[in-house]
1. Which one of the conditions (1) under 20 Å from residue 35 (Cα atoms); (2) touching a residue at least 40 places away in the same chain (Cβ under 8 Å); (3) surrounded by fewer than 18 Cβ atoms within 10 Å (Cβ to Cβ) does residue 90 fail to meet, given that it meets all the rest?
2. With the checklist (1) at positive phi; (2) without any contact (Cβ under 8 Å) to a residue 40 or more places away in the chain in hand, flag the one item residue 214 doesn't pass.
3. Output the residues belonging to the range 181-202 that are touching a helix residue (DSSP H, G or I) at 6+ places or on another chain (Cβ under 8 Å) and within 16 Å of the ligand (Cβ to nearest atom).
4. Looking at the range 168-180 only, could you name the residues that are surrounded by 24 or more Cβ atoms within 10 Å (Cβ to Cβ), part of a loop (DSSP other than H, G, I, E, B) and away from the ligand (no atom under 16 Å from the Cβ)?
5. Checking the condition in contact with a strand residue (DSSP E or B) (Cβ under 9 Å, 6 or more places away or on another chain) and at pLDDT 95 or above, which residue from 140, 129, 145 passes?
6. Go through the range 282-310 and give me each residue that's buried (at least 16 other Cβ atoms within 10 Å of the Cβ), assigned to a loop (DSSP other than H, G, I, E, B) and without any contact (Cβ under 8 Å) to a residue 60 or more places away in the chain.
Ligand code: G6D
């Protein structure tokens, strides 16, 4: 009988007078998923390898480090991932002005987004063993309606991490959550030697504020073509003449295959397959990581460009200049769950 997944809760540290807890799940293979109640942040994904267990996500020494910079490292993102032009949402003909936290844009749910909240965490029981439930009543963020949010994190006996976002609101609102996980599957400071495959033939055209214009661009014969496993160092080098000097783009994923993307490291033999029930994937290669303000454990207290790569499943925004929010609308009292899965593979 396969040993069930076990969950434990421990104290991590304090943030602004609040106790921050760490909740962990471990399966019989020795894989561990850990979360912090600050920002429903994925703190560790530990996989067993020949040379010991390896953390494949970026993390900090302290809770305060997570909010000391604008990079949302491994944090839950919501109510809406991505950027909202002029911070204005239009629902039922009504315009709501949201707080703007990137010039005139609202980024990642604004200044009171999911990442900035302290969530209630608890271990719950499921058929395959323990799971982690993070819950929070999202109010005061400027969005319509009070939103009760639950995020259920699971680790299966066969090494699949599941994240299920469930929300209900007291008024028609918008909901497009994601997890801003920075993966680094190798033992190096950067992801340059890692390979990426994305099942997407187009990216969204973005304006100078990184707002989707509504136009899609074919990736064929461009540095954005990851339809076959592609070396990230080479792809990033092809972006050297751009202002971004790397990727920060929205891929229009084909949902005809189980996985929408796969990241792998040829040396550690670790790979992560991304599964999603939505049509968009943001990829950001940490181009603007700074030397200071980033007390990252991997690089002993500093941040380095390309230290990790985010793969953020979400619903493609039609909004942009079209102001159409129908794709991410959540009607009053409606429940519209979204799921992300990380399929872990490694060599023991
Ligand atoms: C930068 O433009 C990028 C975003 O996509 C990313 O989410 C953020 O850094 C952390 O603003």
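1. With respect to (1) under 20 Å from residue 35 (Cα atoms); (2) touching a residue at least 40 places away in the same chain (Cβ under 8 Å); (3) surrounded by fewer than 18 Cβ atoms within 10 Å (Cβ to Cβ), residue 90 is out only on (1).
2. Among (1) at positive phi; (2) without any contact (Cβ under 8 Å) to a residue 40 or more places away in the chain, residue 214 violates only (2).
3. 191
4. Step one: filter the range 168-180 for residues surrounded by 24 or more Cβ atoms within 10 Å (Cβ to Cβ), giving 173-179.
With the extra rule that they be part of a loop (DSSP other than H, G, I, E, B), the set shrinks to 175, 177.
Selection gives 175 alone.
5. On the way: 140 fails: in contact with a strand residue (DSSP E or B) (Cβ under 9 Å, 6 or more places away or on another chain); 129 fails: at pLDDT 95 or above.
Every option except 145 fails the conditions.
6. Within the range 282-310, the subset buried (at least 16 other Cβ atoms within 10 Å of the Cβ) is 282-287, 289, 294-296, 298-299, 302-310.
When the remaining residues are screened for being assigned to a loop (DSSP other than H, G, I, E, B), the result is 285-287, 289, 294-295, 298-299, 302-308.
Within the range 282-310, 287, 302 meet the criteria.
Each row is one residue, and each column tells you yes or no for (1) away from the ligand (no atom under 12 Å from the Cβ); (2) in contact with a strand residue (DSSP E or B) (Cβ under 7 Å, 6 or more places away or on another chain).
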| site | (1), (2) |
| --- | --- |
| 269 | yes, no |
| 274 | yes, yes |
| 280 | yes, yes |
| 292 | yes, no |
| 295 | yes, yes |
| 298 | yes, no |
| 306 | yes, no |
| 312 | no, yes |
| 324 | yes, no |
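Yes/no per residue for (1) assigned to a strand (DSSP E or B); (2) away from the ligand (no atom under 16 Å from the Cβ); (3) surrounded by fewer than 18 Cβ atoms within 10 Å (Cβ to Cβ); (4) touching a residue at least 40 places away in the same chain (Cβ under 8 Å):
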site	(1), (2), (3), (4)
109	no, no, no, no
122	yes, yes, yes, yes
135	yes, yes, yes, no
141	no, yes, no, yes
145	no, yes, no, yes
148	yes, yes, yes, no
152	yes, yes, no, no
166	yes, yes, no, yes
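The values are calculated or read from the model by the stated rules, or taken from the named source; none is laboratory data. Keep in mind that what you see is a predicted model, and the values were worked out from it rather than measured. A quick note on method: Cβ atoms are made from the backbone with ideal geometry, for glycine too, and the neighbour counts reach across all protein chains shown.
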